[in-house]
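Report on the following structure.
The values are calculated or read from the model by the stated rules, or taken from the named source; none is laboratory data. Since the structure is predicted, the reported quantities are computational estimates derived from the model, not experimental observations. Here the Cβ positions follow ideal geometry from the backbone for every residue, glycine too, while neighbour counts run over all protein chains shown.
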Amino acid sequence: MQSLNADHDDAVPIWTDRLLVVVGGGGFDPAVLRDLVGRGALVVGADGGADAALLAGVVPELVIGDLDSLEDVEAWRERTRVVAIDEQDTTDFEKCLYSVSAPLTVALGMTGGRFDHTLAALHSVTLHGASRRIVLVDAVDAAMALSGAAELDLPAGTRVSIHPLSTVCFLRSEGLRYQLDGLTLAPGLRTGTSNQANGGRVRIVTDPSQPGVYLLILPLAHLPQLLSMSGF
């Protein structure tokens, strides 16, 4: 890992080729975190999310944030590496995103709790979703941010929702009960809630000339399929 300066403007990003897991202070299933650790994930606590990870039996390799919600900062400095970033223009989740780059980021405890925290997480994913793959995970669903095509295998009847974070033009789709062919989805215009997989291969193709960011939302049980899309 490279060193990281505490100042936002001068920060040297950390790069990892491992699966990155960012843990927030909201609710999540500890078994999901432990499974991701078993896959070799690099776990980062977003400020007080480090305490939530510890309660799940996992010590993050890194804690990043303004440290306003982390219990006993000095004790944490003895356990692991702590990076204090004081700027208040971003959330702790976004501080983690601009500080650590990875092929795939799974965020636990960022959604499903406080509504303002959920909206802030969606804001961060909208900003970063065009340049990196991020999966938001709560107790019910797993939502992958995508910009471009998607392809995966799903059992028949699986709930598949497509939610646009910006304007997205879909050229075609395969394997869905309600096809996306020629549709434009956009916030305040149209969304794609509660579609279904026909069984087998699901393929979604967007217009590359009009890139946008959307969430592919599946039941939590299908998180492994989303991970496999990035080789994990």
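Looking at this structure, is Ala197 at pLDDT below 95, crowded, with 17+ Cβ neighbours inside 10 Å and either in the same structural domain as Leu215 (by TED's automatic domain parsing) or touching a Leu at 6+ places or on another chain (Cβ under 7 Å) (or both)? Answer is no for this residue. Filtered by the rule that a residue be in contact with a strand residue (DSSP E or B) (Cβ under 6 Å, 6 or more places away or on another chain), of a type in the set (A, V, I, L, M, F, W, C) and outside any strand (DSSP E or B), segment 183-201 gives a lone residue, Leu183. Restricted to helices (runs of 4 or more DSSP H) entirely inside segment 6-114, those with at least 1 residues that are touching a Ser or Thr at 6+ places or on another chain (Cβ under 7 Å) are 92-99. The single condition among (1) modelled with pLDDT of 95 or more; (2) more than 18 Å from Met229 (Cβ to Cβ); (3) small (Gly, Ala, Ser) that Ala143 does not satisfy is (2).
The lone criterion from (1) without any contact (Cβ under 8 Å) to a residue 24 or more places away in the chain; (2) in contact with a strand residue (DSSP E or B) (Cβ under 8 Å, 6 or more places away or on another chain); (3) of a type outside the set (Ser, Thr, Tyr) left unmet by Ala221 is number (2).
Out of segment 134-182, which residues are out of contact with any Leu (no Cβ under 9 Å at 6 or more places or on another chain) and in a strand (DSSP E or B)? Of everything in segment 134-182, those that are out of contact with any Leu (no Cβ under 9 Å at 6 or more places or on another chain) and in a strand (DSSP E or B) turn out to be Glu151, Asp153, Glu174, Leu176. Scanning segment 120-171 for residues that are surrounded by fewer than 21 Cβ atoms within 10 Å (Cβ to Cβ), within 10 Å of the chain's Cα centre (by Cα) and of a type in the set (A, V, I, L, M) turns up just one, Leu122. Looking at Val59, Val37, which is the one that is closer than 24 Å to Leu146 by Cα and at pLDDT 95 or above? Step by step, each of Val59, Val37 is checked, and only Val37 is closer than 24 Å to Leu146 by Cα and at pLDDT 95 or above. Evaluated against (1) assigned to a loop (DSSP other than H, G, I, E, B); (2) in contact (Cβ under 8 Å) with a residue 24 or more places away in the chain, Leu122 falls short on exactly one condition, (1). Checked against (1) part of a strand (DSSP E or B); (2) of a type in the set (A, V, I, L, M, F, W, C); (3) out of contact with any strand residue (DSSP E or B) (no Cβ under 6 Å at 6 or more places or on another chain), Ile204 passes all but a single condition, namely (3).
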